[in-house]
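Structure, as C-alpha cells:
Each reported figure results from applying straightforward, stated rules to the coordinates on display, with no laboratory input. Everything quoted here is computed from the prediction, not taken from an experiment. Glycine gets a Cβ as well: all are built from the backbone with ideal geometry, and neighbour counts include every protein chain shown.
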Amino acid sequence: MNLTGELSEVKNYINGKFVPITIGRNGQSSMDVISPIDGSVISTLPLSTYNDVDKAVQAAKNAFTNWSAMTLKDRVQIFFRYRTLLEKHMDELTKLVQLENGKTYGEAKAEVEKSMELCEFAVSMPQIVVNEVQEVSKGVECRIERKPLGVVASITPFNFPNMVPHWTMPNALVLGNTMVMKPSEVVPLSTVRMAELLKEAGLPDGVFNLVNGGKEVVEAICDHPDIKAVSFVGSTKVAKIVYKRATSTLKRCVALGGAKNHLLVFPDANPEMTASNVVASMSGCAGQRCMAASVMVGVDNIQHIIDRMVEDAKSLIPGENLGSVISAAAKERIEDYIAEAEKDGAKILLDGRNTTVEGKEGGFYVGATIIDYVTTDMSVAREEIFGPVISIIRAKDLDEAIEIENGSNYGNAAAVFTQSGGLAKQVMERASAGMIGVNIGVPVPREPFSFGGWNESKFGVGDITGRSSIEFWTQNKKTTTKWNPEAQTNWMS
C-alpha cells in the first residue's frame with residue numbers, strides 16, 4: 001500500500017490473499033476513496049456482495065478448527081510479533097491514517113499507539129483467562145473453560161481507521177475465534193495494511209479476513225448463518241439496525257452508537273486546566289469521536305472560563321493543528337447545525353464556517369466553533385454533530401445541570417470540572433453515562449478497563465474492550481468428572 005496518493009485498488013483479503021470481488025452490485029462494482037485533506041482520489045474500493053462475504057466466512061470457518069486447537073499461549077506469540085511490527089511501522093501507519101482520515105500527525109500517531117496498547121492487553125490473556133477447577137464433592141471435580149465462538153465479525157467506523165479495528169481483532173483472535181472484518185468504505189487503507197502485517201507476524205491464512213463495501217456487506221454479515229457474533233461501531237441510527245438484524249438471526253451483538261457528551265463546569269474549576277481540556281476535547285480529531293465534548297453545561301458564573309476557552313480555541317489552525325472532517329457532506333452538515341443555532345438565537349463566540357486551507361482548497365475543513373446561550377430544545381444541544389463544535393448551556397445549579405445531562409438520549413460519557421470532591425462525587429453518581437471524567441475532558445478508560453456507554457450509545461450486553469470483551473468473544477464449557485468408584489454416591493452421581 002503506497003502513501004504517495006497514487007491510484008491503487010483496494011481488494012478483499014480472504015484466506016491469506018488479496019482478491020478482487022467477483023460480482024458487481026447493481027452495475028456498480030467500485031467507488032472512489034477520497035482523502036479529506038485535499039479532496040483527491042487516493043484509491044478505489046470494491047463494493048462486495050453476499051457472495052464475497054460468504055467466501056470470507058467459509059475461509060474463516062475452515063481455519064477455525066486448527067486455530068482454536070492451538071494453545072492460548074501459542075496464539076499470543078503471533079500477537080507479540082504483530083505488536084512489534086506496529087511499532088516498527090509506526091510512521092507509515094500514522095501517515096496512512098492521516099491520508100485517509102485527515103487527522104493531524106500527532107492524533108494519527110496516538111491512534112496507532114493505542115492499537116499497540118490494545119495488543120498488549122490481548123497478549124496478557126494467558127494471565128487473565130484462567131480455567132476454574134474445584135472439587136465440589138468428595139471425588140467429584142467441576143471445571144469451567146472458556147471456548148471461542150467460531151466465526152465472528154467486526155464492522156468498524158471511519159473516525160479511527162487503525163484503533164477501532166484493534167478494539168476487537170486482537171482479543172477475538174487471541175481467544176481462538178476467526179474473523180471477518182468490514183471496515184468503513186471511506187477509510188479502508190489502514191485495515192489493508194493491518195492484514196499484511198498480521199500475515200507477516202505469522203497469522204495462519206483464513207483466521208483474519210477483510211470484505212470491503214457498503215450496506216450490502218453489513219446486511220450479509222448480519223444475516224450469514226455461520227457468523228456467531230457481530231461487533232459494530234458507528235452512528236446510533238445504524239447501530240440500532242445492526243443490533244436488531246444481527247440478533248434476529250440469533251447472533252450475539254454489541255453495537256456502539258453515537259454520543260452527546262456533557263461537560264459540567266463549576267465556577268471553582270481551575271480556569272486554565274478546564275479551558276484547555278474542554279477545547280482539546282471538543283476539537284481533537286476534528287470533533288469526530290464519540291468521546292468528544294459536545295455540550296458544556298456552565299453552572300452559575302463561569303464567564304471567565306468561557307473567555308479563556310475562546311482564546312485557547314483561536315490557536316487551532318485548520319490544516320496545521322486541527323485536522324479535516326471526513327467529507328464534503330460532513331462539512332456541510334456541521335455548518336448547517338451552526339447556522340441553525342444562530343438562527344434560533346444562540347450566540348456564536350467563535351465561528352469555524354467557510355474555512356479553507358491554502359494549497360488544500362479541495363479539502364474538508366471546519367474551524368473550531370463555540371456557541372453560547374444554547375437552549376435544550378435546539379438541535380445543537382440534542383443531536384450528534386461530529387465536528388469541532390461545542391454548545392454552551394447555562395444552568396443555575398447542580399440539580400439543573402444534572403437534569404440537562406440526564407435529558408440526553410445518549411449516555412456515552414460525561415465529565416465534571418470542579419475542585420470540590422463533594423460536587424464531583426454527586427456528578428459521578430447521578431450522571432447517566434457509562435464513562436465519567438473528573439477534570440478530564442476525554443474520559444477514555446485504559447486497558448484493562450473496558451470501553452462502552454449507556455442508553456442509546458450502546459446496544460447489547462457487555463463492553464467492546466478490556467476484560468468485559470472476554471465474555472463477549474467466548475462461551476463457557478462446564479465439565480464434571482468422577483474417577484473414583486469408591487466416592488460417596490449422592491445426587492450428582
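Here are a few things to note about the model shown:
- Label positions at Lys343 and Glu383, each projected 7 Å from the Cα along the C-beta direction, are separated by 1.1 nm.
- Computed on region 261-438, with alpha-carbon pairs under 8 angstrom and 6+ residues apart, the relative contact order is 29 percent.
- Summary of packing: across the peptides 436-445, 171-180, 296-305, the per-residue average of other C-beta atoms within 10 Å ranks them, highest first, as 171-180, 296-305, 436-445.
- One Cα centroid belongs to region 68-134, the other to region 149-194; the line between them spans 12 Å.
- Neighbour net charge for Lys228 - beta-carbon separation under 9 angstrom, K R +1, D E -1: +1
- Between region 422-438 and region 202-219, the Cα center-to-center distance that results, in Å: 39
- Helix axis angle, 421-430 relative to the chain longest principal axis, alpha carbon, degrees: 60
- Restraint check, Lys182/Lys251; Lys55/Lys228; Lys199/Lys458; Lys11/Lys458; Lys73/Lys482, Cα-Cα greater than 25 Å: Lys199/Lys458; Lys11/Lys458; Lys73/Lys482
- Compared with the dominant Cα axis of the chain, that is its longest principal axis, helix 50-69 is turned about 60°.
- Loop-located trypsin sites (Lys or Arg not before Pro) in region 337-421 (DSSP state other than H, G, I, E, B) with a sparse environment of at most 13 neighbouring Cβ atoms within 10 Å: Lys396.
- Taking only Cα atoms of region 377-493, radius of gyration then Dmax in Å: 22.4, 76
- Once exposed loop GluC sites (Glu not before Pro) are cut out (DSSP; at most 13 other Cβ, 10 Å), longest piece of the chain: 7-319
- Cβ-based net charge around Val279, under 13 Å, with every Lys or Arg adding one and every Asp or Glu removing one: -2
- For the chain, the relative contact order comes to 17 percent (Cα pairs under 8 Å, sequence separation of at least 6).
- Residue (of Tyr365, Asn162, Thr71) at the positive-pole extreme of the chain, dipole from beta-carbon charges: Thr71
- Cα long-axis angle, helix 72-88 against the chain (0 to 90 degrees, to the nearest 10): 30
- Of the chymotrypsin sites (Phe, Trp or Tyr not before Pro) found in region 439-487, those in coil by DSSP whose Cβ has at most 10 other Cβ atoms within 10 Å are Trp483.
- Divided by 2.2 N^0.38 Å, where N counts the residues, the Cα radius of gyration of region 339-443 comes to 1.24.
- Note that the chain shows a convex hull volume over its alpha carbon atoms of 162 Å³ per residue.
- Multiplying each eigenvalue of the alpha-carbon gyration tensor of region 261-438 by 5 and taking the square root yields semi-axes of 27, 16, 15 Å, largest first, rounded to whole angstroms.
- 5 angstrom amide H check on Asn455, placed H, neighbours 5+ away: none
- Whole-angstrom gap from region 270-308 to region 443-464, using each part's C-alpha centre: 22
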